[in-house]
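Dropping a structure here in structure tokens format, bear with me for questions.
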Amino acid sequence: MTTGCGILAISELIVERRGRVGTLTLNRPEAINALTAGMIAAMTDALDAWRDDDAITTVVLRGAGERGLCAGGDIVAVHREILAGGSANADLWRAEYELNAMIHRYPKHYVAIQDGLVLGGGIGISAHGSIRVVTETSQLGMPETAIGFVPDVGGTWLLGRAPGELGTHLLLSGETVAAADAIQVGLADHFIPRGRLDAFVDALAETAAESVVHLFAEPPPLGTLRAAVPWVDRAYAADDVPAIVAGLAEEAAPDAAAAREQLLRRSPTALVATLAAVRRARELPDLESALDQDYRVSLRFQHEPDFIEGIRAQVIDKDRRPRWRPAQLADVDPARVEGFFAPLETELGLGPLRRGERG
């Protein structure tokens with residue numbers, strides 16, 4: 001339903017036109033705006049419509065509520081579909097990854113307000129944008145290994161290009177980062193205090209985005225990753241996960257010991273597959289190729305026992321005591337992990353780079 005103020009009201013997404021700006025507001029605040037298939041479809045439709053609309057020069061992505069932009073995908077729905085033996089997850093991920101690619105190549109400014117919690121799928125719909133804004137409440141991350149899954153939505157492509165091995169550390173550990181660190185690793189661009197966001201968005205309606213963002217941006221509060229670079233680069237440069245864990249044990253920094261304990265709590269199979277994914281993503285020519293890889297891995301990994309168990313432990317029962325199979329890194333079968341990356345009969349087929357769009 002469209003109101004007289006140019007607002008299209010959809011239960012899970014609010015689509016609004018105001019001056020030069022088209023705004024997409026994720027509207028599931030009770031679930032920290034976790035993405036559903038309907039939200040992905042509605043976002044895609046809006047971006048398609050605005051692509052050739054000369055009255056719209058900038059798209060803004062926001063999240064309803066105070067807790068965050070987006071906590072990721074609707075994991076409960078994914079879990080339900082796997083247990084039912086259905087095929088809807090394949091369609092969901094195809095649509096989501098196509099949306100991620102669309103955002104990355106969108107010919108107009110796509111301004112993502114990464115306020116509060118931004119995880120997993122939330123990274124996919126924000127960090128591929130052309131202007132990415134964080135605040136003092138921002139916490140960004142790819143926490144998939146904690147639920148026995150592998151980072152997707154192009155996360156390995158983004159963090160694989162972070163300085164040194166910082167991206168490898170964040171992908172394996174699932175650790176979240178605040179504003180300054182998000183900018184350092186390439187998940188965000190600018191810091192604007194939360195209290196100035198509404199004025200920032202209002203200004204976008206009248207003035208070009210690249211001018212407005214520099215008027216509002218400020219230096220972010222100091223981060224913590226810069227001090228971690230030496231031990232992160234040493235430990236995570238290893239060729240396999242057991243060697244990374246051993247390397248962390250040799251580091252004197254307390255944060256290195258904490259990172260080691262964190263890895264030992266993650267799914268061993270997910271860790272090995274994630275390391276393989278980020279190393280491969282570094283060699284891929286573009287985001288689309290990385291999303292093609294994500295599609296292959298996601299479709300296969302959804303049937304791994306660790307994914308079902310991780311969702312049960314972290315989201316369904318919330319006992320935080322997953323029973324991984326296998327439980328030890330040494331018992332992960334390299335051939336099985338290699339099989340996650342093999343070509344599919346029906347590929348996503350996004351790459352190579354498409355011409356005429358933002359690079």
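The values are calculated or read from the model by the stated rules, or taken from the named source; none is laboratory data. It should be emphasised that the depicted structure is a prediction, and the values quoted were computed from it without experimental measurement. Cβ coordinates were reconstructed from backbone atoms using ideal geometry, including for glycine residues, and neighbour counts include every protein chain displayed.
Would you point out which residue out of LEU35, LEU117, LEU69 is under 19 Å from the mean Cα position of the chain (by Cα) and either surrounded by fewer than 23 Cβ atoms within 10 Å (Cβ to Cβ) or at pLDDT below 95 (or both)?
Among LEU35, LEU117, LEU69, only LEU117 is under 19 Å from the mean Cα position of the chain (by Cα) and either surrounded by fewer than 23 Cβ atoms within 10 Å (Cβ to Cβ) or at pLDDT below 95 (or both).
Here's something else I'd like to know. Return the residue satisfying two criteria in turn: it lies in the range 51-99 and is assigned to a strand (DSSP E or B) and of a type in the set (A, V, I, L, M), and of such residues it is farthest from ALA313 (Cα to Cα).
Selected residue: VAL59.
Filter the range 156-197 for residues that are farther than 27 Å from HIS214 by Cβ and without any contact (Cβ under 8 Å) to a residue 40 or more places away in the chain and give the result.
Correct list: LEU170 only.
Being of a type in the set (D, E, K, R) and farther than 18 Å from ARG296 by Cβ is the filter; apply it to the range 146-188 and report the residue that is surrounded by the most Cβ atoms within 10 Å (Cβ to Cβ).
Across the range 146-188, the extreme among qualifying residues is ASP181.
Go through the range 319-344 and give me each residue that's modelled with pLDDT under 95 and closer than 20 Å to ILE82 by Cβ.
LEU344
Ok, one more. Working only within the range 129-187, note down all residues that are among the β-branched types (Val, Ile, Thr) and not in a loop (DSSP other than H, G, I, E, B).
Hits for the range 129-187 are ILE131, VAL133, VAL134, THR145, ILE147, THR156, THR168, VAL177, ILE183.
Now for a different question. Scan the range 191-209 and tell me whether some residue there is within 22 Å of the chain's Cα centre (by Cα) and under 27 Å from VAL337 (Cα atoms).
no
Also, quick follow-up: Being touching a residue at least 40 places away in the same chain (Cβ under 8 Å), in contact with a His (Cβ under 6 Å, 6 or more places away or on another chain) and under 30 Å from ALA208 (Cβ atoms), is that true of even one residue in the range 53-75?
yes
With touching a residue at least 60 places away in the same chain (Cβ under 8 Å), more than 30 Å from ILE103 (Cβ to Cβ) and surrounded by 15 or more Cβ atoms within 10 Å (Cβ to Cβ) as the only criterion, which of ALA270, ALA277, ALA235 stands out?
Step by step, each of ALA270, ALA277, ALA235 is checked, and only ALA235 is touching a residue at least 60 places away in the same chain (Cβ under 8 Å), more than 30 Å from ILE103 (Cβ to Cβ) and surrounded by 15 or more Cβ atoms within 10 Å (Cβ to Cβ).
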